[in-house]
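First the structure, in the form of structure tokens, and then the observations on it.
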Amino acid sequence: MANSICSFCNTPIESGSTKTVCPECKLEFHEECWQHNKGCSAYGCKYVNYLNPPLIVGVPLNNGSAIYGGVDYGQPSINPVLSKIKFSFRGWWITFIILEVLSFFVGVAVSEEPDADNAILGYSIIFSIPWVIFGCMLFYRLWSITDESVRDNTSAGNATASFFIPIYYIYWFPTGYYRLADKINKTLALRGNPYCIAMATLGGWAGGLWILKSFMMRVPDLQVLASLIEIVCFILLILYYHSCIKAAERILTLSPRYIK
């Protein structure tokens with residue numbers, strides 16, 4: 001099969017060479033050519049000069065915001081977006097630790113009660129609510145910063161809601177975590193950063209183990225092992241989300257936007 005031709009330098013892209021495909025017009029480029037040209041070379045394509053967004057010159061105000069074209073756009077959106085993501089991350093892991101500690105003490109307190117299992121289950125559900133809320137906020141906000149061209153027509157809302165669809169969630173837990181990191185990686189690649197799949201693989205493993213743990217919790221003899229797997233999953237997800245947030249910071253830094 002003939003090698004494809006780079007749309008920037010018009011030379012063949014050798015088999016095995018790293019190449020970049022424009023998400024809009026599907027032209028192919030050497031990775032170095034894509035970065036050197038700052039994006040696509042096709043006239044009218046929205047990815048022309050994609051890696052070099054235009055600099056907006058503003059007039060700083062005393063309150064730290066700025067005026068562009070006579071409109072006060074306030075502070076750059078980088079800080080509040082990252083702050084919300086990091087706030088959700090902190091809330092997620094802190095509420096998980098609180099959930100585990102409270103579940104332990106509640107379990108000890110009601111262990112002698114005749115209806116202990118139902119009581120522990122009820123308290124666990126109540127304690128899980130803030131943890132689930134923070135987790136959904138974190139996943140939603142990370143998905144929202146990915147480039148629209150790599151989302152496969154899946155909005156952040158639909159991706160987050162898929163965790164709550166009966167039966168389907170068994171598939172979505174490993175797949176959703178994998179796809180989130182994969183789309184973050186691809187967004188970074190479009191902006192000239194190295195593509196790294198390790199973060200996505202870590203999310204897939206964590207999601208799969210979490211589903212396994214959920215089923216093991218239903219078997220009394222396996223509940224201790226399931227609890228250990230839950231701790232392992234939590235550690236993996238901490239590492240996973242930490243990497244996602246670092247990547248998100250690079251995405252937002254490479255693509256500055258100004259909003260009210």
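At-a-glance table
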read-out	value
Selection from segment 137-161 of residues that are small (Gly, Ala, Ser) and farther than 27 Å from residue 24 by Cβ	161
Test: residue in segment 186-194 that is hydrophobic (A, V, I, L, M, F, W, C), surrounded by 15 or more Cβ atoms within 10 Å (Cβ to Cβ) and at pLDDT 90 or above	no
Residue satisfying all of: in segment 28-49; of a type in the set (A, V, I, L, M, F, W, C) and over 21 Å from residue 183 (Cβ atoms); surrounded by the fewest Cβ atoms within 10 Å (Cβ to Cβ) among these	42
Residue check, residue 169 touching a residue at least 60 places away in the same chain (Cβ under 8 Å) and not aliphatic (A, V, I, L, M)	no
Complete set of residues in segment 141-168 that are surrounded by 16 or more Cβ atoms within 10 Å (Cβ to Cβ), part of a helix (DSSP H, G or I) and either in contact with an Asp or Glu (Cβ under 7 Å, 6 or more places away or on another chain) or modelled with pLDDT under 90 (or both)	150
Any hit, segment 12-23, residues being hydroxyl-bearing (Ser, Thr, Tyr) and touching a Pro at 6+ places or on another chain (Cβ under 8 Å)	no
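For (1) at pLDDT 80 or above; (2) among the aromatic types (Phe, Trp, Tyr); (3) in a loop (DSSP other than H, G, I, E, B), each residue gets a yes or a no:
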{"site": "34", "(1), (2), (3)": "yes, yes, no"}
{"site": "46", "(1), (2), (3)": "yes, no, yes"}
{"site": "52", "(1), (2), (3)": "no, no, yes"}
{"site": "63", "(1), (2), (3)": "no, no, yes"}
{"site": "73", "(1), (2), (3)": "no, yes, no"}
{"site": "79", "(1), (2), (3)": "no, no, no"}
{"site": "83", "(1), (2), (3)": "yes, no, no"}
{"site": "86", "(1), (2), (3)": "yes, no, no"}
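The values are calculated or read from the model by the stated rules, or taken from the named source; none is laboratory data. Computed from a predicted structure; not experimentally measured. Don't worry about glycine lacking a Cβ; one is built from the backbone with ideal geometry, like all the others, and counts go over all protein chains shown.
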